[in-house]
Amino acid sequence: MASLTFHGGVAEIGGNKILLEDRDARIWLDMGAPFNLGEAYFAEFLGARDRFGLRDHFALDLVPRIRGLYAAQALEATDFPWIEPEYSGIFVTHVHFDHTNHLKFVDPAIPVHVGEGTRTILQAWGTSTPSMALGDHAYKTFRTGRTVMADGVEVEPIHVDHSAPAAYGYLVHTSRGTVAYTGDLRRHGPKGEFTDEFIAAAAKAKPIALITEGTRVAPEDPRENLTEADVKARAIEVVHGAKRRLVLATFPGRDVDRMRTFFEVAKATGRRFVVNAKTAYLLLEMKKDARISVPDLERDDDVLVYDRQLRRTDPWERDVRSKMKDRVVTADDVRARPQDVILQLDVYHLQELVDLRPPQGSPYIHSKSEPFDEEDISGEVLDNWIRRFGLVRVQIHASGHLNEREVGEMIARIGAETVIPVHTEHPDRFTRFARKVVQPKRVEPIVL
Ligand SMILES: [Zn+2]
């Protein structure tokens, strides 16, 4: 008997946490946290008490009580007993919070399978942003084309294109047939062919079930159908129209494609690209992975790193500065020649505007989707800063997800016996794409 149990990602965007059981194998697909986790109980300065591990999460039903999954340390202060881990492994599709964050509670003895690029990013982020650290795990890395055996079940990772590098879908070859799982994916990114390859391989495997994301499957899709190339072209226009002004940009912290795009925009417009220290650290770390192309910060004179003049500099940031040598700039440097740069300014660094004093009408390019970003602040607060400093907000973003029509085409192409929608707020709409749709219900196993 083989079965699927959904502990997250059910009628919600993100928080994917899917258990596949087949004979001796007990395999997790993703270990994410939903974006709105705890929203009903927590606010700024009111959060779960990390010192008590999972105690608050369990009491508020924010994290499911699952035997043999969590670390002894996470359970210590709870009434839920620790037992030896009972899982073959966790297969992560990509680095985003809504697919990885609950690894922080997981027993470190359970193998965690990730693409190599994902591991690099997780490590870099854990160092530069300790609040995002996921603790120690038995990471095992793979690359496309290699399969992994997990207690007798073959798991085949296949790359897809998404707004994070090293993103994968999976084909899990169970005793009942193949289960295909999309993770998050799009076809309009720089590596769109990856997604086509996943779809082709899934179709070939004639799956008994397709677990698919549907972020943009909705009666109304607020996102524009821009490609990464469109983002670049529009941003170049904005920069050309901003003569003698400072160009500010914010983008998702792990979207390496977007970093490359702004880097290219800077080159194309004769400006230099000033990134924050975290971005610089991530790019320097990713440079070690020869297969993902990133701007070469150590050699390229057109990339600078911004110094926020903190009272204390962490070792990783000192490392960044020593590698960037004389290409470290402060607000004073930028204010002296605003027309020379494109400056990455994240929402949590908006106070820098006080010192940057951008010329009136300087564009603030908001290059991310609005509702689904773990690091975002409210639109109202952002607008207040923009108004106060006379900036002009420009929205330019390419989504990380297939649109509704493309999801329908993918489902038709793969031709699975059963379709199971996850990572969507509108699972009911999937009946228009497939004859047999099974709606997952939290914790109720679906027998394959
Ligand atoms: Zn996601």
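The values are calculated or read from the model by the stated rules, or taken from the named source; none is laboratory data. Quick caveat, the model's predicted, so the values are computed rather than measured. Glycine also receives a Cβ, built like all others from the backbone with ideal geometry; neighbour counts cover every protein chain displayed.
For the stretch 330-351, the condition holds for no residue, the condition being that it is over 25 Å from the mean Cα position of the chain (by Cα) and farther than 24 Å from residue 385 by Cα. For the stretch 244-253, the condition holds for at least one residue, the condition being that it is over 19 Å from residue 434 (Cα atoms), within 16 Å of the ligand (Cβ to nearest atom) and surrounded by 21 or more Cβ atoms within 10 Å (Cβ to Cβ). Scanning for something in contact with a helix residue (DSSP H, G or I) (Cβ under 6 Å, 6 or more places away or on another chain), in the same structural domain as residue 19 (by TED's automatic domain parsing) and crowded, with 16+ Cβ neighbours inside 10 Å, does the stretch 193-200 turn up at least one residue? Yes: one or more hits. Counting the residues of the stretch 67-102 that are more than 20 Å from residue 136 (Cβ to Cβ) and not basic (Lys, Arg) gives 8. Within the stretch 161-192, restricting attention to residues that are modelled with pLDDT of 95 or more and aliphatic (A, V, I, L, M), which residue is surrounded by the fewest Cβ atoms within 10 Å (Cβ to Cβ)? Checking each candidate, the answer is 171. Among the residues of the stretch 215-269, how many are more than 26 Å from residue 337 (Cα to Cα) and assigned to a helix (DSSP H, G or I)? Summing the residues that are more than 26 Å from residue 337 (Cα to Cα) and assigned to a helix (DSSP H, G or I) in the stretch 215-269 gives 5. If we keep just the residues of the stretch 265-316 that are surrounded by fewer than 19 Cβ atoms within 10 Å (Cβ to Cβ) and of a type in the set (Ser, Thr, Tyr), which is farthest from residue 249 (Cα to Cα)? By that ranking, first place goes to 313. Looking only at the stretch 29-63, residues that are modelled with pLDDT under 95 and in contact with a strand residue (DSSP E or B) (Cβ under 7 Å, 6 or more places away or on another chain) come to 2 in all. Filtering the stretch 290-341 to residues that are assigned to a loop (DSSP other than H, G, I, E, B) and among the polar types (S, T, N, Q) leaves 293, 309, 313, 330. Just one residue in the set 33, 25, 11, 43 is in the same structural domain as residue 437 (by TED's automatic domain parsing), within 23 Å of the chain's Cα centre (by Cα) and buried (at least 20 other Cβ atoms within 10 Å of the Cβ); that residue is 33.
Against the criterion of being surrounded by fewer than 22 Cβ atoms within 10 Å (Cβ to Cβ), at pLDDT 95 or above and closer than 19 Å to residue 328 by Cα, residue 241 does not qualify.
Per the listing 369, 378, the residue uniquely under 30 Å from residue 263 (Cβ atoms), more than 16 Å from the ligand (Cβ to nearest atom), small (Gly, Ala, Ser) and under 25 Å from the mean Cα position of the chain (by Cα) is 378.
Residues in the stretch 189-197 include at least one that is within 16 Å of the ligand (Cβ to nearest atom) and in a loop (DSSP other than H, G, I, E, B). Examine the stretch 417-439 for a residue that is in the same structural domain as residue 209 (by TED's automatic domain parsing), assigned to a strand (DSSP E or B) and either among the basic types (Lys, Arg) or loosely packed, with under 15 Cβ neighbours inside 10 Å (or both), and state whether such a residue exists. Among the residues of the stretch 417-439, not one is in the same structural domain as residue 209 (by TED's automatic domain parsing), assigned to a strand (DSSP E or B) and either among the basic types (Lys, Arg) or loosely packed, with under 15 Cβ neighbours inside 10 Å (or both), which makes the answer no. The listed residues are 297, 310, 343, and the only one of them that is in contact with a strand residue (DSSP E or B) (Cβ under 7 Å, 6 or more places away or on another chain) and modelled with pLDDT under 95 turns out to be 297.
Scanning the stretch 4-62 for residues that are within 16 Å of the ligand (Cβ to nearest atom), of a type in the set (A, V, I, L, M, F, W, C) and out of contact with any Phe, Trp or Tyr (no Cβ under 8 Å at 6 or more places or on another chain) yields 6, 10, 11, 31, 37. Filtering the stretch 198-229 down to residues that are of a type in the set (Ser, Thr, Tyr) and under 26 Å from residue 440 (Cα atoms), which residue is nearest to the ligand (Cβ to nearest atom)? Per the criteria, the residue is 215. Where helices (runs of 4 or more DSSP H) fall entirely within the stretch 69-185, those with at least 2 residues that are more than 15 Å from the ligand (Cβ to nearest atom) and either without any contact (Cβ under 8 Å) to a residue 40 or more places away in the chain or not assigned by TED's automatic domain parsing to the domain that holds residue 7 (or both) are at 72-75, 116-128.
Restricting to the stretch 25-62, name every residue that is outside any strand (DSSP E or B), closer than 30 Å to residue 154 by Cβ and among the aliphatic types (A, V, I, L, M).
Within the stretch 25-62, 31, 33 qualify.
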